[in-house]
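Working notes for the structure below.
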Amino acid sequence: MYEDILFPFDGSEGAAETLHHAAEIANWTDGEIQLLYVADTTEYSTTRVQSTVVDGQVEHGEDILETAAETLDSLAADYSTDVVQGAPAETIVEYAEKYDYDVIVMPTQGRQGLSRYLLGSVTEKVVRLSSIPVLTSRMNPDDAFEFPYEQLLLATDGSQSAEHAAMHGLDLAAALDATVHALSAVETAVMGPDVEDVTNAGRDAAEEAVDTIANAAQRRGIDDIVRHVEDGAPAETILDVIESEDIDAVVMGTTGRRGITRILLGSVAEKTVRSAPVPVITVHGPDEAE
């Protein structure tokens, strides 16, 4: 899987670092990377040279992709390039769906120096809108992510969306021969007056959610399964397990059991995308309509 990779490239430092990781994936899968630059039509960029109208954004994009192509040449990765016009996030999503890519790979920081904590960045919009899995990373210049992943964390709250994402994660784990860590958190901070009863019910639900993933893993022939049922806020628990278990990547759904139809500020998926020190693969549920 992940033979057909869409990589929106804007020339930023974060994109350049993440491109190396995308090349590792493409080389391992014998896949190809589509480098895409979106000339932002929300910004005025045309000028007239004699009788010809020139779009500076398009020309800039061609230069940017030439630099990226040189990087991929040095990494022996197969690729093609394209420059299109449009609103960046929406255009990326439409392009990915039109050409049926397996995954979109993006950094969490962009060409305008957007902080990964800023709601509204192109990457976060793509995560919200895309029906295709999105692999995000907040790589720093000195970071180097390993591929193939050996330790894969699947986060679940037992919802349909979470289980759908987990099945995608299990397919990935089977392809990589990775150890699966199935995690569900018991949110003790939101307990009512009958704390003990609610805690027990929450733990039972969490254990059931983890067992669902473990059973599905075994049906796929995956034997290396680690179960995690932890007390605490889900996003913080995910970060704790990443650190304690030396996790290489996280797979999770973009909505949860509260029925939120889009990833929102403060949601578990968004917090994880913003703060996880490893790649995060977000997967929309099968019935999520935009």
Might you let me know whether the range 141-151 holds any residue that is modelled with pLDDT of 90 or more, over 19 Å from His20 (Cα atoms) and open to solvent by 20 Å² or more (accessible area, probe 1.4 Å)? yes
I'm told Ala76 meets every condition in (1) within 23 Å of the chain's Cα centre (by Cα); (2) open to solvent by 20 Å² or more (accessible area, probe 1.4 Å) except one. Can you identify the failing condition by its number? (1)
Out of everything in the range 91-101 that is more than 19 Å from Val273 (Cα to Cα) and not basic (Lys, Arg), what residue ends up being modelled with the lowest pLDDT? Thr91
Failed condition for Ser131, given (1) open to solvent by 10 Å² or more (accessible area, probe 1.4 Å); (2) closer than 15 Å to Val280 by Cβ; (3) touching a His at 6+ places or on another chain (Cβ under 7 Å): (2)
For residues that are at pLDDT below 80 and out of contact with any strand residue (DSSP E or B) (no Cβ under 7 Å at 6 or more places or on another chain), tally how many sit in the range 1-59. 9
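The values are calculated or read from the model by the stated rules, or taken from the named source; none is laboratory data. The model shown is predicted, which means the values in this text are computed figures rather than measured ones. Heads up, the Cβs are rebuilt from the backbone with ideal geometry, glycines too, and the neighbour counts pull from every protein chain shown. The protein model used for the area step is the full one, side chains on, heavy atoms only, and it has no ligands, DNA or RNA in it. Shrake-Rupley method; radii C 1.70, N 1.55, O 1.52, S 1.80 Å.
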